[in-house]
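The values are calculated or read from the model by the stated rules, or taken from the named source; none is laboratory data. Remember, predicted model here, so these are calculated numbers, not experimental data. As a convention, Cβ positions derive from the backbone with ideal geometry for all residues, glycine included, and neighbour counts pool all protein chains shown.
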Amino acid sequence: MFDQNQDGEGSFLRRSIITILIGLFVLVLYAYGTDVTQVNLEEPQDPNRQEVAVRVIRALARPDFLDYREETRSMDITIRMPCPEDVKGSQTSLEDRQTVLIPNCVNTTQDSVVLQGSGFRPRTDGIIRWYPPGDVETTRALSTFRTDANGNFEADFTMPDIRPTDEPQRIEVEEKWRVGIAGLSESSILTIEKIIETIFMALMATTVGTLIAIPVSFIASRNLMIQVGSPLAAIMGGIIALPIGYLVGVQLTRTLLNITAVSQTNVPINIVGLIVGTALLVVAVRYAGAMLSNDLSGGRQILVNSLILLALIGLFFPTIGYLSNLGILIGEAIEPILGPFDFLGRFFGLLFEAVLVLSPGIMGLLLAFFGMSFGSFVGQEAVLGLDERLARGLTAVLCAIGAFVFVFGIGSALNWLYQYDEPQFWTTIPGAVAAVLGLIGGVLTHPKRQYPIGSIIYSTTRSLLNIIRSIEPLIYVIVFAVWVGIGPFAGILALTIHTIAALGKLYSEQVENISEGPLEAITATGANRLQTIVFGVIPQIVPPYIAFTLYRWDINVRFSTIIGFAGGGGIGFVLVQNINLLQYRQASVMMIAIALVVMTLDYVSSRIRARII
Amino acid sequence: MLRVENLTKVYDDGTVALKNVSFTVPDGQFLAVVGLSGSGKSTLLRCINRLIEPTSGEIWWNDAKLSHVTGEELRRARRKIGMIFQHFNLVQRSSVLTNVLSGRLGYVNPIRSVFNRFPESDMKQAFKNLNRVGIGDKANNRADELSGGQQQRVGIARALMQEPELILADEPVASLDPVLAHSIMQYLQQINQEDNITVMCSLHFLDLVQEYGDRVIALNQGELVFEGMPSEIDDKRFKDIYGQDAVRIG
């Protein structure tokens, strides 16, 4: 009993101390936080700052949506400083307007002058300006006035601080009034133009990003990748064949496109080439279709498929080359004819130019992928088919070459990036070391042992996506603005990069959520991986993919409204200019436009998503 | 003939799902597999077509060592083994026809199939099999528009597309009501008898076992505890299979 009591007291004491310590810690935490974030109570209370802030808020509250067309009418009157010997009355009249200066001259800038007018437009605002003698362009506003119901007004002013002169000085009285009904202001028109640019930036980035994110999401999803295991020989076969595939793809495509490059501007050759190429392609596709319907055994089928593919590529790219040449020429030709739709002509040309520029790269990636699949297939089948000693030998050789290729590739990349001037220390020598290590590893390992290559690829892809995603588009756009220049294109590229990473992750989580049953069933029919994905995975992920794409478009519109702050074009670009020029009424229009567009898209995309899911 | 020798499966978490299971199934037999939930029935069936990798032991289908084939060979072995699942495992958003045609994936050229181009003969076969299970008119419906019984018939048609020599049925009627259960079992029986396809079917209800099974094996905690004719399961054997507390109903 006594012990328990003491124990209770002790723990109470301990708990109190801990509570106090935690309290102190929190206190220190927030004290430091307040300090580093420079929380300040004096500045906001400063009357000068308050006045500025109020001015800004009032300007923001009066967005410059509408403008009236204005008409002005002016008349002149002269004044002298200092007063000459013979003072004459200074009064003028123009049509039925009269103005009188009282007094009609001044000696110093302290003397006040009253200007009376009559016969002006009733209830109209006006301004009084002073023009210096001579042909000087500058003017100075002296006063403003508003006429009464009879068109009379009285305004007093003093002369500006200038040197006295004998010449008469001109005073201009200007009335200004609105005519007609209100129309869109200049800033409204600019806002509409830029908002459209912004929405299309988001559209382009989302489209391109989605197309790339879809294949990425498959290799970034755990359930598809985790079971993929391959013998070492298959992995190495893939590593060896990947760069070969890429180089072959790029080189082949360039060579094929070069056939057509010589006749770039020759219309008849392009037309003939296009027609002949298309005809041959149609025949080839027919023939290929017949070939593909034969059921061949695995290895031969892959060989036949590859040959067919190669033949089709051989015909496809020259045809595409002729087509693109023609397309560019047509685009150039129709651009001046189309008038307000000339952007269609430019787009037409640009599209085909893009085909020519991007084809080698895309083909390279595609063939790299095919090469990798083929290499690993050959490696796997060879190892599984051979007896153990031969398989071990093959694995060892493949490991040696694969390790060399891998290290050589990484070394070359580092050498290029950091410009070490001794390539052999970064490529050949480490490559050779890796080859020896690979050889030893290949001999030691059991050739049929499965290595979890799938989960390695999965975790690498996921980490890369996470890194790319954690950098904001506002930072990417700075890099791209350097590369492609300030403007919407840089914004599109920045948004695209971020979209790929973000959607890649979201999509792959959807792939991870699909029901496994159909996959199991389709695997059980003897389908290969590609078939399992096409028949078992894709039908299940279409709705969530569409939903996430819409969601991302929504996000991209939001991003693209501010990406202009960093040089990415769109509405943000003009908004930040207006803010810097202190044109808050104009800035207010743009802010409201952004809010409206984001709200609308939010609503529309949530409605569509609700319908799809 | 299917021959299973000393089959053992230990999962990564240490669960022993199958312990030294050995049995043979002659060609054309309808073999029922019974046992409590978790007794290893599903694991046994999935080891045969290698949806689950056995830990040790051998599985032979005629001359093919199913337990050890890999890569291309495994694909070729799988396409001769149809499988029917408790939850049907159809692709819900695809059409019935596509689901049935996916049974041909092991045969057709991968490139063609990826573009959903199946040979004319496969299309004909698909309709024939759909008519055979009585849902020829549903070919263009989406799979999720069908009732449970109809979905299982699609599953049977899909398995038939493989021109299988062996059908593995993993509790094919456990998600269906008793009337539908009999209708599905009758299709399986018909396939077994008319096409001479060996069927290995795990079941919960003993009345179904007795009505449709030629022979029965029973698993209890991964061990083979009974092998014989359905009529041989008396009250004592029943308690061996299902545990001493079990009460026989129906």
Can you spot a residue in the stretch B:169-180 that is away from chain A (no Cβ under 11 Å), of a type in the set (V, I, T) and under 22 Å from B:R50 (Cβ atoms)? no
Could you please find all residues in the stretch A:453-463 being touching a residue at least 24 places away in the same chain (Cβ under 8 Å) and farther than 23 Å from A:V397 by Cβ? A:G454, A:S455, A:I457, A:Y458, A:T461, A:R462
So which of A:L303, A:L312, A:L296 ends up being closer than 30 Å to A:V378 by Cα, modelled with pLDDT under 80, part of a helix (DSSP H, G or I) and within 14 Å of another protein chain (Cβ to nearest Cβ)? A:L303
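Whether any residue in the stretch B:10-17 is out of contact with any Ser or Thr (no Cβ under 6 Å at 6 or more places or on another chain) and farther than 29 Å from B:K239 by Cβ is what I want to check.
Applying the first criterion (out of contact with any Ser or Thr (no Cβ under 6 Å at 6 or more places or on another chain)) to the stretch B:10-17 yields B:11-16.
Imposing the further condition that a residue be farther than 29 Å from B:K239 by Cβ reduces the set to B:12-13.
Yes; the residues of the stretch B:10-17 include at least one that is out of contact with any Ser or Thr (no Cβ under 6 Å at 6 or more places or on another chain) and farther than 29 Å from B:K239 by Cβ.
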Any idea which of (1) buried (at least 18 other Cβ atoms within 10 Å of the Cβ); (2) touching a residue at least 60 places away in the same chain (Cβ under 8 Å); (3) among the β-branched types (V, I, T) is the one A:T445 doesn't satisfy? (1)
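Can you spot a residue in the stretch A:342-365 that is among the charged types (D, E, K, R), closer than 23 Å to A:V443 by Cα and part of a helix (DSSP H, G or I)? Quick ask: steps written out before the conclusion?
Residues of the stretch A:342-365 that are among the charged types (D, E, K, R), as a first pass: A:342, A:346, A:353.
Add one more test, that the residue is closer than 23 Å to A:V443 by Cα, and what stays is none.
Checked against the condition, which is being among the charged types (D, E, K, R), closer than 23 Å to A:V443 by Cα and part of a helix (DSSP H, G or I), the stretch A:342-365 yields no hits at all.
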Here are A:R146, A:R170, A:R129, A:R140: which of them is under 22 Å from A:N107 (Cβ atoms) and either touching a Leu at 6+ places or on another chain (Cβ under 9 Å) or modelled with pLDDT of 85 or more (or both)? A:R129
From the option list A:S217, A:S263, A:S221, A:S230, single residue qualifying as among the hydroxyl-bearing types (S, T, Y) and touching a strand residue (DSSP E or B) at 6+ places or on another chain (Cβ under 9 Å) is A:S230
For the stretch A:483-501, check the following and say yes or no: at least one residue is hydroxyl-bearing (S, T, Y) and more than 14 Å from chain B (Cβ to nearest Cβ). yes
When restricted to B:N192, B:N141, the only residue over 27 Å from B:R50 (Cα atoms), touching a strand residue (DSSP E or B) at 6+ places or on another chain (Cβ under 9 Å) and not small (G, A, S) is B:N141
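Is it true that A:I199 is surrounded by 15 or more Cβ atoms within 10 Å (Cβ to Cβ), assigned to a helix (DSSP H, G or I) and in contact (Cβ under 8 Å) with a residue 60 or more places away in the chain? Step through it out loud before you land on a result.
Values: surrounded by 15 or more Cβ atoms within 10 Å (Cβ to Cβ): yes; assigned to a helix (DSSP H, G or I): yes; in contact (Cβ under 8 Å) with a residue 60 or more places away in the chain: yes.
So A:I199 passes the test.
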Does any residue of the stretch A:367-382 turn out to be surrounded by fewer than 19 Cβ atoms within 10 Å (Cβ to Cβ), within 34 Å of the chain's Cα centre (by Cα), at pLDDT 85 or above and in a helix (DSSP H, G or I)? yes
Need pairs with beta-carbon distance below 6 Å; first residue at the interface with another protein chain (Cβ under 7 Å from one of its Cβ atoms) and within the stretch A:529-548, second of a type in the set (G, A, S) and crowded, with 19+ Cβ neighbours inside 10 Å; sequence gap 6+ or separate chains. A:Q531/B:S113; A:F535/B:S102; A:P539/B:S94
The one condition in (1) in contact (Cβ under 8 Å) with a residue 60 or more places away in the chain; (2) out of contact with any Pro (no Cβ under 9 Å at 6 or more places or on another chain) that B:E72 fails to fulfil: (1)
Test: residue in the stretch B:149-167 that is at pLDDT below 90, among the β-branched types (V, I, T) and in a helix (DSSP H, G or I): no
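Quick check, is A:L307 loosely packed, with under 15 Cβ neighbours inside 10 Å and within 30 Å of B:E73 (Cα to Cα)? Even if it seems obvious, please write down each step before you answer.
Values: loosely packed, with under 15 Cβ neighbours inside 10 Å: yes; within 30 Å of B:E73 (Cα to Cα): yes.
Yes, satisfied.
So which helices (runs of 4 or more DSSP H) stay within the stretch A:524-613 end to end and still have 1 or more residues that are at pLDDT below 90 and of a type in the set (K, R)? Spell out how you get there, then give the answer.
Values: elements: A:529-532, A:538-563, A:571-580, A:584-612.
Counting at least 1 such residues, we get A:529-532, A:538-563, A:584-612.
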Is it true that some residue in the stretch A:262-273 is loosely packed, with under 14 Cβ neighbours inside 10 Å, modelled with pLDDT under 80 and not polar (S, T, N, Q)? yes
The number of residues in the stretch B:117-157 that are farther than 21 Å from B:L105 by Cα and under 22 Å from the mean Cα position of the chain (by Cα) is 8
Checking A:S605 against (1) closer than 30 Å to A:M225 by Cβ; (2) in contact (Cβ under 8 Å) with a residue 40 or more places away in the chain; (3) among the polar types (S, T, N, Q), which single condition isn't satisfied? (1)
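Which one is nearest to the other protein chains (Cβ to nearest Cβ) among residues in the stretch B:123-162 that are surrounded by fewer than 17 Cβ atoms within 10 Å (Cβ to Cβ) and charged (D, E, K, R)?
Initial filter on the stretch B:123-162 (surrounded by fewer than 17 Cβ atoms within 10 Å (Cβ to Cβ)): B:123-124, B:127-128, B:131, B:134, B:136-137, B:140-141, B:144-145, B:147-148.
Next cut, charged (D, E, K, R) only: B:124, B:128, B:137, B:144-145.
On the way: B:K124: 14, B:K128: 18, B:D137: 22, B:D144: 11, B:E145: 14 Å.
Here the answer is B:D144.
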Within the stretch A:511-528, of all residues that are within 35 Å of the chain's Cα centre (by Cα) and crowded, with 20+ Cβ neighbours inside 10 Å, the one farthest from the other protein chains (Cβ to nearest Cβ) is A:V511
Being within 8 Å of chain A (Cβ to nearest Cβ), touching a strand residue (DSSP E or B) at 6+ places or on another chain (Cβ under 7 Å) and outside any loop (DSSP other than H, G, I, E, B) is the filter here; which residues of the stretch B:83-107 pass it? B:M83
Tabulated pairs, the stretch B:195-209, first within 8 Å of B:V33 (Cα to Cα), second charged (D, E, K, R) and part of a strand (DSSP E or B), C-beta under 8 angstrom, 6+ apart or interchain: B:S202/B:D170
Going by the structure shown, is B:E194 over 18 Å from B:H87 (Cβ atoms), more than 13 Å from chain A (Cβ to nearest Cβ) and not basic (K, R)? yes
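Just give me the residues in the stretch B:168-192 being part of a helix (DSSP H, G or I) and in contact (Cβ under 8 Å) with a residue 40 or more places away in the chain, in sequence order. Quick ask: steps written out before the conclusion?
Taking the stretch B:168-192 first, the residues part of a helix (DSSP H, G or I) are B:178-192.
Those that are part of a helix (DSSP H, G or I) and in contact (Cβ under 8 Å) with a residue 40 or more places away in the chain: B:Y187, B:L188, B:Q189, B:N192.
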